[in-house]
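Working notes, structure below.
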Amino acid sequence: MTQPERRVALEQIANEVRACTRCRLHQQRARAVPGEGNPNTEVVFVGEAPGFNEDREGRPFVGRAGALLVRLLGALGWRREDVFITNVVKCRPPENRDPAADEIAACAPFLQRQLAVLDPALVVTLGRFSMASFMPGVRISQAHGTMGPVDPATGAANALAFAMYHPAAALRATEIERASFEDMARVPDALIEARRRREPHPAPAPVEPPPLPASEPVPSQSASRGAAAADALIRTPAEADAPADQLTLF
Ligand code: SF4
């Protein structure tokens, strides 16, 4: 899928999110928050749910937690425009309560479709609800800073998940903030590993046929012998660093 095709597909999903009434969270939202970022990125950050500021602006991670996320990204030399940022549920739960299981299930197809369009190499989960969608059965206190393969049923066909605390949790505890910076420092290595796993495997070396008797004609060598591996386009953050007018903020 080309970048313009991704942009169109993401805008289509965003429009459906803004009109969605699939679960009770639509009743009290001011604005739905589909997500935003670079449609050509390799890295998707998935949080839990919009909060007060996000609900007012219709954009993810724009409050204090968002400011910390920007600082965490900045520690890598990345900007929020270099990645894609979204949430497990796209509408704010009242009083910032935890999203309910049926609300997460109702909203899951939107995240699934976003991931299918973006085809990220790395999904960075922010908080336990996001982590549970990609690394089920683990505790965030033990799993943060680690990674694991993503089930393609999530929409990310070939990705690794990397677990981090939610920035809101980091705002409440100094030790979690420190751990978050340490975890973020591991993200580039996780991306390199995710890219390595996505590289096409080279074709096995052809088996040399036994020599033929001199009286028989020698067949020409196959043009496919030693064929080069497919020319894969790796969408690096640097390549995703498109001019501002090419960035898509949904
Ligand atoms: Fe629809 Fe998701 Fe909002 Fe529920 S949270 S109303 S499923 S967009």
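The values are calculated or read from the model by the stated rules, or taken from the named source; none is laboratory data. Remember, it's a predicted structure, so these values are computed and weren't measured experimentally. Please note: Cβ atoms are built from the backbone with ideal geometry, for glycine as well, and neighbour counts cover all protein chains shown. Only protein heavy atoms, including side chains, enter the accessible area calculation; ligands, DNA and RNA are left aside. Shrake-Rupley method; radii C 1.70, N 1.55, O 1.52, S 1.80 Å.
The table that follows gives values for the structure above.
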{"item": "Residues Leu171 and Ala116, FRET efficiency given R0 of 35 Å [Cβ-Cβ distance, rounded to 0.05]", "result": "0.65"}
{"item": "Label-point separation, Ala153 to His201 (7 Å along Cα→Cβ), nm", "result": "2.4 nm"}
{"item": "Accessible area of the range 1-148 belonging to carbon and sulfur atoms, whole % at 1.4 Å probe", "result": "50 percent"}
{"item": "For Thr146, solvent-accessible area (1.4 Å; no DNA, RNA or ligand), Å²", "result": "60 Å²"}
{"item": "Gain in span if fully extended, Glu5 to His26, counting 0.36 nm per residue against the direct Cα distance", "result": "4.7 nm"}
{"item": "Whole-Hz ³J(HN,Hα) from phi, Karplus 6.51 cos²θ - 1.76 cosθ + 1.60, for the range 2-7, glycine and proline x", "result": "7, 4, x, 5, 4, 4"}
{"item": "Derived scalar couplings ³J(HN,Hα) [the range 131-147; Karplus, 6.51 cos²θ - 1.76 cosθ + 1.60; whole Hz; x for Gly, Pro]", "result": "4, 5, 6, 10, 9, x, x, 10, 9, 5, 5, 9, 8, 4, x, 10, 9"}
{"item": "Distance (nanometres) between label positions extended 7 Å along Cα→Cβ at Leu76 and Arg139", "result": "2.7 nm"}
{"item": "Bridge type composition, the range 46-205 - antiparallel percent by DSSP, nearest 5", "result": "25 percent"}
{"item": "Whole-number percent relative contact order across the range 1-149, with pairs defined as alpha carbons under 8 Å at least 6 apart", "result": "31 percent"}
{"item": "12 Å beta-carbon shell around Leu76, net charge (K/R +1, D/E -1)", "result": "+1"}
{"item": "The range 81-199: relative contact order in percent, alpha carbon pairs under 8 Å with at least 6 residues between", "result": "24 percent"}
{"item": "Net charge over other residues, Cβ less than 11 angstrom from the Cβ of Pro149 (K, R count +1; D, E count -1)", "result": "-1"}
{"item": "About the Cα centre, charge dipole magnitude for the range 1-120 (Lys/Arg +1, Asp/Glu -1 at Cβ), debye", "result": "320 debye"}
{"item": "Segments 46-52, 83-89 sorted - mean Cβ within 10 Å per residue, highest first", "result": "83-89, 46-52"}
